[in-house]
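Undergrad: Okay, here's the structure, questions in a sec.
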Amino acid sequence: MADDPQSASDAIEEPSLQSEVLVSAPRAAEKARWAEKVFIAALAVFAALAVLAHHYAYFEWDVSLARNIQSISLPGFRAAMTAVSRLGDRWIPSALTAVTGIALIAARLRPEGIILLAGTASGWLVNTFCKLLIARPRPTDALVNVVTIYRTDSFPSGHVVFFTEFFGFLFFLAYVLLKRGPLRFVVLIVLSSFIVLVGISRVYLGAHWPSDVIGAYLAGGIWLMVMIKAYRRMKAKRNPENASTL
């Protein structure tokens, strides 16, 4: 049977198109190795903070720092904090994860999409378990301004954990896979901005204490490390020639 001319053309064009924005596999593997080392130290710190959060509803510095953050009165600041925080409300995290994961798979980045979907979903389960185990109460109006009352426990912040895992993994993929240039720079700035701003927003809206947010960044970072590790192993299995560097 003769080869399909269209298929042959697609096969030629695909690598050329990807090479415009993606680095080579060895280069990606080299840039990926930093992740495992960066996040390991967070585990011990998170464990210590979790124990303290279980025994103390809040710390003195939680109150003073939360009040300072809530005193910010820049034009549009409250609207920005509310908008960022809403990305972690109710069904939105699930929708963001599903759409992005499917988009990655459709773009022939199957390992990336699978890890994003599975890692973020399992991270939510782990975070829910941590909340129940630590059982720290939310901030109250007697101490800070509480915009919305939540029924769930406070430590660690679920919004911050989700943002760290979801946008953090996308940040990792952009850093590892995209070639250096304006596109990568803009993507990294946008993704990191979401991660930073959500922590501020949760304190500003009175949903969490600053220590809840710190614990969430640590917890999210730890789980992000797990996701990256799983991603590297999956890539190594698919590309055995790069197994020693992934």
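Undergrad: Might you let me know whether segment 208-230 holds any residue that is polar (S, T, N, Q), outside any helix (DSSP H, G or I) and over 21 Å from residue 108 (Cα atoms)? Steps first, please.
TA: If we filter segment 208-230 for residues that are polar (S, T, N, Q), which is where we start, we get 211.
Within this subset, residues satisfying the condition of being outside any helix (DSSP H, G or I) are none.
Looking for residues that are polar (S, T, N, Q), outside any helix (DSSP H, G or I) and over 21 Å from residue 108 (Cα atoms), one finds none in segment 208-230, hence no.
Undergrad: Please identify the pairs in which a residue from segment 143-154 that is under 18 Å from residue 78 (Cβ atoms) has its Cβ atom under 8 Å from the Cβ atom of a residue that is hydroxyl-bearing (Ser, Thr, Tyr) and part of a loop (DSSP other than H, G, I, E, B), counting only partners at least 6 apart or on another chain.
TA: The qualifying pairs are 146/140.
Undergrad: Taking segment 75-119, which residues are surrounded by fewer than 13 Cβ atoms within 10 Å (Cβ to Cβ) and either out of contact with any helix residue (DSSP H, G or I) (no Cβ under 9 Å at 6 or more places or on another chain) or of a type in the set (D, E, K, R) (or both)?
TA: Of everything in segment 75-119, those that are surrounded by fewer than 13 Cβ atoms within 10 Å (Cβ to Cβ) and either out of contact with any helix residue (DSSP H, G or I) (no Cβ under 9 Å at 6 or more places or on another chain) or of a type in the set (D, E, K, R) (or both) turn out to be 75, 76, 79, 86, 89, 90, 91, 95, 99, 108.
Undergrad: Does residue 169 satisfy being under 21 Å from residue 216 (Cβ atoms), of a type outside the set (A, V, I, L, M) and within 13 Å of the chain's Cα centre (by Cα)? First the steps, then the outcome.
TA: Details: under 21 Å from residue 216 (Cβ atoms): yes; of a type outside the set (A, V, I, L, M): yes; within 13 Å of the chain's Cα centre (by Cα): yes.
In short, yes.
Undergrad: Moving to a separate point now. Can you run down the residue pairs with Cβ atoms below 6 Å, 6 or more apart or on separate chains, where the first is in segment 43-58 and in contact (Cβ under 8 Å) with a residue 60 or more places away in the chain and the partner is loosely packed, with under 14 Cβ neighbours inside 10 Å?
TA: Within 6 Å, the pairs are 57/137.
Undergrad: Could you check segment 78-97 and list, in sequence order, the residues that are over 17 Å from the mean Cα position of the chain (by Cα) and in contact (Cβ under 8 Å) with a residue 40 or more places away in the chain?
TA: 78, 80, 81, 82
No lab work stands behind these numbers, since they all come straight from the coordinates. Nothing here was measured: the structure is a model prediction, and the numbers come from that model. Every residue, glycine among them, receives a Cβ derived from its backbone with ideal geometry; neighbour counts consider all protein chains shown.
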